[in-house]
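This report concerns only the one structure given below.
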Amino acid sequence: MSATFASPDSSAVPLYIIEQDAPDTIPDSARTWADTAGFTGASGATLAVPGPEGAIAMALVGAGSEASRKRSRFDVGSAARSLPAGTYAIQTDLPPARMQEAALGWLLASYDFDRYRKPAKPPAQLVAPASIDAAQIEAIAAGEFLTRDLINTPASDMGPDELEQQARDLARQHGADITVTAGDDLLAANFPMIHTVGRASTRAPRLIDLRWGDTGPTLTLVGKGVCFDTGGLNIKPGGSMGLMKKDMGGAATTLGLAHMIMALGLKIRLRLLIPAVENSISGNAFRPQDILTSRKGLTVEINNTDAEGRLVLADALALASEDSPDLIVSMATLTGAARVAVGPDLSPFFTDDDAHADALTVSARAVADPVWRLPFHDPYETMIEPGIADLDNAPAGGMAGATTAALFLRRFVDAPYIHFDIYGWNPSAKPARPKGGVGMGARALLDALPKLLNL
């Protein structure tokens with residue numbers, strides 16, 4: 001499995017992208033065969049056209065109609081898995097954004113998580129279209145592959161130790177600096193809430209701190225790295241615990257985004273912070289009604305040990321703010337309320353900056369990575385103030401759960417801030433996105449960085 005295009009090959013099979021119900025776009029030599037096969041250019045449909053000797057002379061892939069394209073994405077790229085093995089070269093002229101989506105979708109469709117089973121059949125390969133930036137697309141696909149691999153790997157093989165190793169490997173690949181504070185050293189370094197959440201596990205909690213770049217504006221990414229979440233003493237029911245290997249999806253997505261940024265050599269100073277823990281149960285697990293003192297000095301009443309992600313993020317966000325970066329972005333699989341609000345396909349985000357929101361929205365549309373702004377609604381601040389402590393980690397009532405979690409995090413930030421509450425999982429296979437772990441919001445952020453950081 002490789003997130004790369006095929007080498008230019010004069011023997012590549014010509015590939016034509018066909019608009020639905022537009023027979024005039026089908027090459028004359030293939031029209032009879034297409035009519036016989038009932039090929040209409042429906043989204044993602046493919047047709048191999050034989051030549052006189054029986055070999056594939058050309059291939060067709062359906063682009064659907066304008067209406068159908070509003071309901072899906074990466075349909076053309078899905079041909080990587082449905083066409084016969086071989087190398088293909090797109091012959092159709094497409095607008096730049098659509099050509100980029102087709103090429104990226106092709107690479108993304110080649111992903112196969114085969115760590116625990118035999119690989120699927122090799123995908124068809126694509127020669128990079130001349131009109132795209134092939135190196136950029138390959139860097140984006142490689143970052144997405146990293147994210148998917150990390151989320152898909154079960155907690156038995158992706159605990160805090162292994163997540164740290166992935167960060168170290170990434171730092172080594174790109175010449176970044178990395179430091180890790182683990183176990184009881186977290187207390188000495190004043191990361192009390194990271195330590196508290198992770199102390200019940202036999203796998204030590206830690207804070208991973210990666211730095212890269214020496215020129216340009218400063219960007220700090222903070223990714224929630226809860227490698228498995230039992231819910232703690234407020235233990236989750238079995239049905240809710242089944243996908244908790246993905247509770248480090250924020251860390252996985254920020255690692256994938258960090259790879260994209262470093263591989264592309266963006267002129268920024270990047271910092272990546274990952275609080276990596278397991279929320280487990282033992283005699284020293286933290287309890288409901290405990291009151292914790294955070295790195296920032298704010299006290300937090302624990303009303304549900306299953307609202308642990310915001311606790312570990314809070315210490316990391318406080319550290320991030322101490323450097324006064326130009327922008328802090330947190331990404332976390334934080335609340336079920338966000339899924340209820342927008343479902344599994346959209347990445348909800350929070351920001352107080354309208355220009356930042358506009359930049360993300362425009363970029364999301366341009367790169368087929370949909371996002372949706374949710375509000376930092378100030379009147380709800382009282383919902384996270386329990387009276388006995390500065391903050392409540394799990395307000396009663398269940399109303400506005402994504403917003404109250406975001407407001408909680410904002411209390412620990414003293415810099416321009418964007419928070420993503422992502423899902424990190426495809427519940428069913430879609431074009432170029434198999435069932436399982438998936439990056440969300442990273443490509444939109446990458447595309448928006450020039451505006452967000454005034455590059």
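The values are calculated or read from the model by the stated rules, or taken from the named source; none is laboratory data. Small disclaimer: the values here were computed from a predicted structure and weren't measured. Glycine also receives a Cβ, built like all others from the backbone with ideal geometry; neighbour counts cover every protein chain displayed. Heavy atoms of the whole protein, side chains included, go into the accessibility calculation; ligands, DNA and RNA do not. Shrake-Rupley method; radii C 1.70, N 1.55, O 1.52, S 1.80 Å.
Brief remarks on what is shown
- Every test in (1) within 26 Å of GLY242 (Cβ to Cβ); (2) not in a helix (DSSP H, G or I) is passed by PRO386 save one, and that test is (1).
- Residues of segment 356-374 satisfying the condition of being open to solvent by 70 Å² or more (accessible area, probe 1.4 Å) and not basic (Lys, Arg): ASP358, VAL362, TRP372
So that you can scan it fast, the table gives a plain yes or no per residue for (1) touching a strand residue (DSSP E or B) at 6+ places or on another chain (Cβ under 9 Å); (2) polar (S, T, N, Q); (3) farther than 30 Å from ASP75 by Cβ:
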| site | (1), (2), (3) |
| --- | --- |
| PRO370 | yes, no, no |
| ILE384 | yes, no, yes |
| GLY397 | no, no, yes |
| GLY401 | no, no, yes |
| LEU407 | yes, no, yes |
| ILE422 | yes, no, no |
| ALA429 | yes, no, no |
| ALA444 | yes, no, no |
| LYS451 | no, no, no |
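- Qualifying residues in segment 264-302 (those that are open to solvent by 50 Å² or more (accessible area, probe 1.4 Å) and aliphatic (A, V, I, L, M)) - the one farthest from the chain's Cα centre (by Cα): ILE291
- Strands (runs of 3 or more DSSP E) lying entirely in segment 1-102 (those with 2 or more residues that are open to solvent by less than 60 Å² (accessible area, probe 1.4 Å) and closer than 26 Å to ARG365 by Cα): 13-19, 56-64, 87-90
- Single match in THR335, THR305, THR351 (criterion: crowded, with 16+ Cβ neighbours inside 10 Å and more than 19 Å from the chain's Cα centre (by Cα)): THR305
- Filtered residues of segment 119-138 (kept if surrounded by 18 or more Cβ atoms within 10 Å (Cβ to Cβ), touching a residue at least 40 places away in the same chain (Cβ under 8 Å) and more than 12 Å from SER7 (Cα to Cα)): PRO123, ALA124, ILE137, GLU138
- Cβ-Cβ distances below 9 Å connect the following pairs, each with a first residue in segment 413-442 that is without any contact (Cβ under 8 Å) to a residue 12 or more places away in the chain and open to solvent by 10 Å² or more (accessible area, probe 1.4 Å), a second residue that is part of a loop (DSSP other than H, G, I, E, B) and of a type in the set (Ser, Thr, Tyr), and a separation of six or more residues or different chains: LYS435/SER428.
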